[in-house]
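Visitor: The following block contains the structure, expressed as structure tokens.
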Amino acid sequence: MRVALFVTCLVDLMRPSIGFATARLLEEAGCELVVPETQTCCGQPAYSSGNRAAARQLAKKVIGEFAGFDYVVAPSGSCAEHIRNAYPLLLADEADWLPRAQELAARTFELTDFLVNVLHVDKVPGRFAGSVTYHDSCSGLRGLGIREQPRALLAQVPGLELREMAGAEECCGFGGAFSVKFGELSAAIAARKCGNLRASGADAVVGGDLGCLLNIEGRLRREGDLKTRVLHVAEVLAGVDGDGEAPHAGGAN
Amino acid sequence: MRQQSMHFAARVGDRLADVKLQANLKKAKGKFVDMRAAAVREFDADAAACAAAAGRDDAVTFAALRDAGAAIRSKVIDDLDLWLEIFEAKAKASGATVLWARNGEEVCAHTIEIARRHGISKAIKSKSMLSEEADLNAALSAAGVQPVETDLGEYILQIAGNEPPSHIIAPVIHKTLDEVADLFAREHGKPRKTDIPALTREAREALRAHFLSAGMGISGGNFLIAETGGVALVTNEGNGRMVTTLPNVHVVITGIEKILPTLEDLATLLRLLPRSATGQTISNYVSLLTGTKGAADPDGPEHLYFILVDNGRSSLLEDDFRAMLRCIRCGACMNHCPVYQTIGGHAYGWVYPGPMGSVLTPLFTGIERALDLPQASTLCNQCGSVCPVKIPLPQLLRTLRERQVTRQLRPRSERFGLKVWAWLAQRPALYARAASYFARYLGWLAGGEDRIRVFALAPQWTAGRDLPAPQGKTFRERWAAERGR
Ligand code: SF4
């Protein structure tokens, strides 16, 4: 099975360990993994900011470079949701593009959804000594129905205890450009999320979208919490602990 | 109501710093969200039990009920003119007068004209958001008609110096009990009390004289029923009944989109509205008011007027925003909105706050008069997933953002930034190099720490949080190095 990794801009820029963790999970599950070199951005920031023309251009670019793979997988509910739900809308009035958009949408998956519902993974390489609480990011949760998938996978991690927080499904206040257009407001919403996750008493907060995680981590640290770890679900599942160290090629870490 | 929506961003800071408001918001949030969730759970459990008892496996869940509600409202909006004609004919046949208002001024003019015709100097009012849109109280006062708000919340706002409501169904949600106690002691000249039933009794005593002396009652309307020509009122206080039955003249002021075809449809919407709004299975009062007082009726108004208001609504019919007209004003979208929960309703600066307000305000008052509102959303869709008539609020907000872009209403810096970014994103080699430089730059800013405390390129980010530092090289640099080309 040939699977293309859609790395996402944020993972590429800020936290490559998530990309390596994703690669490890997919390869250990038997996928032939390809990272298309020309990939940039799915175009969601353009779409969300009302720049439809730019969003369409980027959609076409992604459709082109991710053609021919069995599946496309992203360690992000937000980017996967954009490709799945928005591409067909954006290209609805272009007869030669719409079928291609729909076809790509049908084989694009968020990582945990893919591991559970396509690969039916029942064993993950990660280990974690301690408790985690899971933050449901909005696009994945409400746009793709990602709720049980990450929890089912986390339950397979030896040593890991899942402690649900109050309001796990509430927005963390990130919202892409919103976080810099209305910084204070965004941080105030993040503060509420941080209160909830701290009240859970978990050692780490885990999520499936790096944007939200940067927001939450940034707020936790600003509040003086240097202890609660903030991890991407791929890192926990793959046993890559987010300290920047990638596992060795082939996942032989 | 004086519009302030153009100053949204500036007003947000005040709300965040307002300790009292923040405490009130926190309390209200838990209440509304938890109560709706409980009501939905109970509804689904009951539906499942009923289906099981009947040996069926097709329980009508709350989700299915929302589909049904959305379908009814869509059906009406798709042929609004027809339904309005049917309603008008039925209402007239029942003895009511139907008047049309294109905007707020016409609402005021009609109401004042009715007051003059019947020689009225005092009007008692039950809650009506349309009256806020039209600024009716000010117009009535200027015309020598004293308006008296009788909904407890609206009454509090009125004696507090005509404050605007901050929520469409809980207008004083921004006030603490203490504030109300102070206000009552001052305005009523009675000993200060903080017991809620006692405060309510005091308001009731103050209002009773008005109920008995007013010649006209003004109410809103939750639904207009086309097949009967009547109006349905959904309230939790008895004041609505007094306003609509005691005075000899009753004026219903409501939007043209509020129509439902049949009473059967009303039954569906009545199962959705209170559960979505307050988590109640049914509101304390549901009134169906049809026609004027009949010969055999012991009470009721001899004169019934409907003022059906457009005020921008018909402009939504033709375009991408039609779904917004399905709105039944339940308030669930604001109750569940992280932004509303954080700043309250006043920050939005016009009649309607929260996600529905962020859609309606620019559409009703002009896109350029509320530029921030469609932007002030994380598009988390907590609103859309609870809306009883399934309005895709985030999608509508995004469409409004698109309008701002096509009309060149975004700041130049933003337009320029997006252009550069979009140009780069089409050029993979450059984009990769830019990402690599940017990662290094951020790393340099972090100066060996794991975070950046002040980020000059986006100071708004670091106003209230740190920016975690990148790990170093980009993923693709490392991938290329480790896996070769
Ligand atoms: S938009 Fe939906 S949730 Fe919001 S007030 Fe209207 S009906 Fe209620």
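Visitor: Tell me, yes or no, whether the stretch B:258-272 has at least one residue that is open to solvent by less than 10 Å² (accessible area, probe 1.4 Å), away from the ligand (no atom under 16 Å from the Cβ) and closer than 22 Å to B:L136 by Cα.
Guide: There is no residue in the stretch B:258-272 that is open to solvent by less than 10 Å² (accessible area, probe 1.4 Å), away from the ligand (no atom under 16 Å from the Cβ) and closer than 22 Å to B:L136 by Cα.
Visitor: Right, here's the next one. Give the residues of the stretch A:14-43 that are buried (at least 23 other Cβ atoms within 10 Å of the Cβ) and outside any loop (DSSP other than H, G, I, E, B), sorted by residue number.
Guide: Hits for the stretch A:14-43 are A:M14, A:P16, A:S17, A:I18, A:G19, A:F20, A:A21, A:T22, A:A23, A:R24, A:L25, A:L26.
Visitor: Counting only residues that are outside any helix (DSSP H, G or I) and within 16 Å of A:L153 (Cα to Cα), which one in the stretch A:98-117 is least open to solvent (accessible area, probe 1.4 Å)?
Guide: A:E110
Visitor: Are there any pairs with C-beta distances below 6 angstrom linking a residue in the stretch B:409-423 that is without any contact (Cβ under 8 Å) to a residue 12 or more places away in the chain to a residue that is part of a loop (DSSP other than H, G, I, E, B), with the two at least 6 apart or on different chains, and if so which?
Guide: What qualifies is B:L418/A:N51.
Visitor: Within the stretch B:22-39, is there a residue that is on the phi < 0 side of the Ramachandran plot, small (G, A, S) and open to solvent by 60 Å² or more (accessible area, probe 1.4 Å)?
Guide: no
Visitor: I would also like to ask the following. Got a sec? Which of B:A434, B:A422, B:A456 is open to solvent by 80 Å² or more (accessible area, probe 1.4 Å) and of a type in the set (G, A, S)?
Guide: B:A456
Visitor: Could you tell me which numbered condition A:P247 fails, if it satisfies all but one of (1) modelled with pLDDT of 95 or more; (2) outside any helix (DSSP H, G or I); (3) within 13 Å of chain B (Cβ to nearest Cβ)?
Guide: Condition (1) is where A:P247 drops out.
Visitor: To continue, here is another question. Kindly list, by first and then second residue, each pair from a residue in the stretch B:447-472 that is more than 7 Å from chain A (Cβ to nearest Cβ) to a residue that is of a type in the set (S, T, N, Q) and part of a strand (DSSP E or B), limited to pairs with Cβ atoms under 8 Å and residues at least 6 apart or on different chains.
Guide: Qualifying pairs under 8 Å: none.
Visitor: State yes or no: is B:V60 crowded, with 16+ Cβ neighbours inside 10 Å and touching a Leu at 6+ places or on another chain (Cβ under 6 Å)?
Guide: No; evaluated as a whole, the condition is false for this residue.
Visitor: Pick from A:Q57, A:Q39, A:Q44: which is under 20 Å from the mean Cα position of the chain (by Cα), at pLDDT 95 or above and within 9 Å of chain B (Cβ to nearest Cβ)?
Guide: A:Q39
Visitor: Can you tell me which residue among B:R192, B:R275, B:R204 is basic (K, R), out of contact with any helix residue (DSSP H, G or I) (no Cβ under 6 Å at 6 or more places or on another chain) and open to solvent by 10 Å² or more (accessible area, probe 1.4 Å)?
Guide: It is B:R204.
Visitor: Still on this structure, please answer the following. Within the stretch B:183-190, identify whether any single residue is acidic (D, E) and more than 20 Å from the chain's Cα centre (by Cα), and answer yes or no.
Guide: Checking the stretch B:183-190: at least one residue is acidic (D, E) and more than 20 Å from the chain's Cα centre (by Cα).
Visitor: I need a count of the residues in the stretch B:372-410 that are open to solvent by less than 20 Å² (accessible area, probe 1.4 Å) and near the ligand (Cβ under 10 Å from one of its atoms).
Guide: 9
Visitor: When you scan the stretch B:330-412 for helices (runs of 4 or more DSSP H) that lie fully inside it, which ones turn up with 1 or more residues that are away from chain A (no Cβ under 14 Å)?
Guide: B:332-335, B:354-365
Visitor: Then there's this: Going through the stretch A:1-17 one residue at a time, which ones are within 8 Å of chain B (Cβ to nearest Cβ) and of a type outside the set (S, T, N, Q)?
Guide: Within the stretch A:1-17, A:V7, A:C9, A:V11, A:D12, A:L13, A:M14, A:R15, A:P16 qualify.
Visitor: Between B:A425, B:A446, B:A435, which is farther than 16 Å from B:F475 by Cα and either in contact with a helix residue (DSSP H, G or I) (Cβ under 7 Å, 6 or more places away or on another chain) or modelled with pLDDT under 95 (or both)?
Guide: B:A425
Visitor: While we're here: Being closer than 25 Å to B:A277 by Cβ and either of a type in the set (D, E) or in contact with a strand residue (DSSP E or B) (Cβ under 8 Å, 6 or more places away or on another chain) (or both) narrows it down to one of B:D14, B:D79, B:D44, so name that one.
Guide: Checking each option against the conditions leaves just B:D44.
Visitor: Before we move on, is A:E164 open to solvent by 50 Å² or more (accessible area, probe 1.4 Å) and either at pLDDT 95 or above or more than 10 Å from every other protein chain (Cβ to nearest Cβ) (or both)?
Guide: Yes, satisfied.
The values are calculated or read from the model by the stated rules, or taken from the named source; none is laboratory data. Fair warning: this is a prediction, and the values are worked out from it, not measured in the lab. Glycine also receives a Cβ, built like all others from the backbone with ideal geometry; neighbour counts cover every protein chain displayed. Accessible surface is based on the protein model in full, side chains and every heavy atom, while ligands, DNA and RNA are left aside. Shrake-Rupley method; radii C 1.70, N 1.55, O 1.52, S 1.80 Å.
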